[in-house]
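Please treat every number below as a calculation from the coordinates, not as lab data. Keep in mind it's a predicted model, so treat the numbers as computed, not measured. Using ideal geometry, Cβ is built from the backbone for each residue, glycine included, and neighbour counts are taken over all protein chains shown.
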Amino acid sequence: MAAEILRNRPRAAGPSRAALLPWVRRLGFYLALLALWEGVARAGFWPPWILPGPLTVIETLVEGVQRGTFVTGAVVSLRRLAIGYGISLALGLVLGLLIGRIKVLDETLGSLVLGLQALPSVCWLPLAILWFGLNERAIIFVVVLGALFSIILGVQAGVKNTPPLYLKAARNLGARGPAVYTQVVLPAALPAILSGLKQGWSFAWRSLMAGELLYFTLSLGNLLQIGRDLNDAAQVMAVMLLIVIIGVCIDQILFAPFERRVRERWGLA
Amino acid sequence: MVDQTARESRQVVARAVAEPQAKGEGIPLRIVGVHKTFADRDRRIPALQPIDLEVGAGEFVCLLGPSGCGKSTLLSIVAGLEPASGGSVWAGEREVRGTDTDRVLLFQEAALFPWLDVQHNVEFGLRQAGMPRAERAAVARRFIDLVHLGGFERSYVHQLSGGMRQRVALARALAINPAVLLMDEPFGALDALTRDRLQAELEAIWAATRKTILFVTHNVREAVALGDRVLVFSPRPGRIVREFRIRLPRPRRLEDHALVDQAAEILAVLHAAAEMEGGRHGR
């Protein structure tokens, strides 16, 4: 994070030594952690199917990717995530905007959303299975509900806290109707919306894994489950690693550029 | 230095107003019996006593008074951002009902949009009016140059100083070519030097465009330096206690003795009004 902030200084000439230092420290930390893990694994306190070393885990990961099962699993999971999150995003933006701008909806629907947000999204799973059966639709349903409330609340908070001054200035300059929303209310709410979207994303990811642990088609969650069934801790850890890698990549691709833009424009550090 | 800035401004203004869009000449304003009372739970708080005021086309009128005397409320009502409790406002031939781009209000806080850079802030009103992209970029560029911010087109609001923000706000307002500028203590939060410069530039822009300007301030010298007329308001609930016609030649210089004397006279009236009200409330 710190390095990112430094990188965002306007037109800083290349990475300076001060910017590199945190990365050097981080690298050192992870190398030491891996060495410790490998050492403990080799010392033989536990059998390798309980605690494999990092080298074994990485080997399993590479194998899984080469065999194609990990790739297929990841594609299936990401497809569900994209569909579920896409639905949440569309619903969340509209509902958040309405709840943020219309007082009656805030008092009624808003309180419901706030209540449902307190419910961990995994709790929807039994109901989803009863309604849809244990299939694709049940999983996507859980993903949608996992992300939806965070997105609604983020959008609503941003819209509600839009300084009235911006709205006055916009009206004064001739903004009318939908343009007020698309060109003033939503952009003004962008920082809060972004944090809602991020939280929604991480909840969607969690709900997906919970659903996939129960549902027997090839997917990331299912690969975790197979690893357990086969007493193969290396596979479980390899899939966990894959999930972390995918999560970080998506964060960097989807949200980081947005966040950078918000920081640059609003001047937030 | 201020003189030199003013001269430069006049040259830039002359160039800018030579273009067709820059011609929004002032229209008269007529304020008839406008008053305002705020309802606060069970109390009714009068903010503005009935005001009658005629402002000529292209006239520069300063509303002077202590904070909270309702002069900003009056400006909001003229802008159409706030309804009056009674009375009517006429802009040219039309009665004011809501905002319209013939009257633009400038706020003390500049009210620029932080998600847009300078260029797009200035383009905002033009975009609402449906001007094509290329054309509005050119118009915005011209007004950015007019307020001496060439080179800052891509800057964001947080990168600008208070004075620069007010310049952008002025460019944004002028770009849509209103007939009336309503200015609510636009220079109130600026340091003295920046304020002097911006006053000189505003005077030059006004002289070249002949827009009608209603300018709210609590700074007596500012009012005298800019206004054709200065209207002194009483403390809340505000009413106009005295009217001064300022006949000093333009461009005015803040250190001019005649200006300083005039300011002293108005300041005395302002104090007397404040004391009178204080006495009434202190019973």
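Points worth noting:
- For a straight C-alpha distance cut-off of 26 angstrom, the lysines reachable from B:Lys211 (same-chain residues fewer than eight places away being disregarded) are A:Lys168, B:Lys23, B:Lys71.
- Summary value for region A:54-266: 27 percent relative contact order, contacts being C-alpha pairs under 8 angstrom separated by 6+ residues.
- For the pair A:Ile83 and A:Val248, the difference between a 0.36 nm per residue extended length and the Cα-Cα distance amounts to 57.5 nm.
- Part-to-part distance (alpha-carbon centres) for region B:37-51 and region B:156-227, which is given in Å: 30 Å
- Stokes-Einstein D for chain B, Kirkwood Rh over Cα pairs, 20 °C, 1.002 mPa s (µm²/s): 110 µm²/s
- Counting every other Cβ atom within 10 Å of each residue's Cβ, B:Asp145, A:Asp229, B:Asp117 order from fewest to most as A:Asp229, B:Asp145, B:Asp117.
- Order of B:Cys62, A:Cys123, A:Cys249 - criterion: other Cβ atoms within 10 Å of each residue's Cβ, fewest first: A:Cys249, A:Cys123, B:Cys62
- In region A:201-269, taking the dipole from charged Cβ atoms about the Cα centre, the farthest positive-side position among A:Ala204, A:Leu218, A:Val236 is held by A:Ala204.
- Fewest-first ordering of B:Lys211, A:Lys103 by other beta carbons within 10 Å of each residue's beta carbon gives A:Lys103, B:Lys211.
- Protection proxy ranking, highest mean first, for peptides B:40-46, A:151-157: A:151-157, B:40-46, where packing is the per-residue count of other beta-carbon atoms within 10 Å, averaged.
- Translational diffusion of region B:107-213, µm² s⁻¹ [Kirkwood Rh, Cα pairs; Stokes-Einstein; 25 °C; 0.890 mPa s]: 177 µm²/s
- Value of [θ]222 nm, deg cm²/dmol, for chain A, DSSP H segments ≥ 4, -39500 (n - 2.57) each, nearest 500: -25500 deg cm²/dmol
- Here is the tail figure for region A:54-266: Cα pairs spaced more than 31 Å apart come to 31 percent of all pairs.
- Rg over Rh, two decimals, the protein assembly as shown (C-alpha only, Kirkwood Rh): 1.13
- In percent, rounded to a whole number, the relative contact order of region B:49-135 is 17, using alpha-carbon pairs under 8 Å and six or more apart.
- Partner lysines whose Cα lies under 25 Å from the Cα of A:Lys198, excluding those fewer than 8 positions away in the same chain, are identified as A:Lys160.
- Whole-number percent relative contact order across chain B, with pairs defined as alpha carbons under 8 Å at least 6 apart: 27 percent
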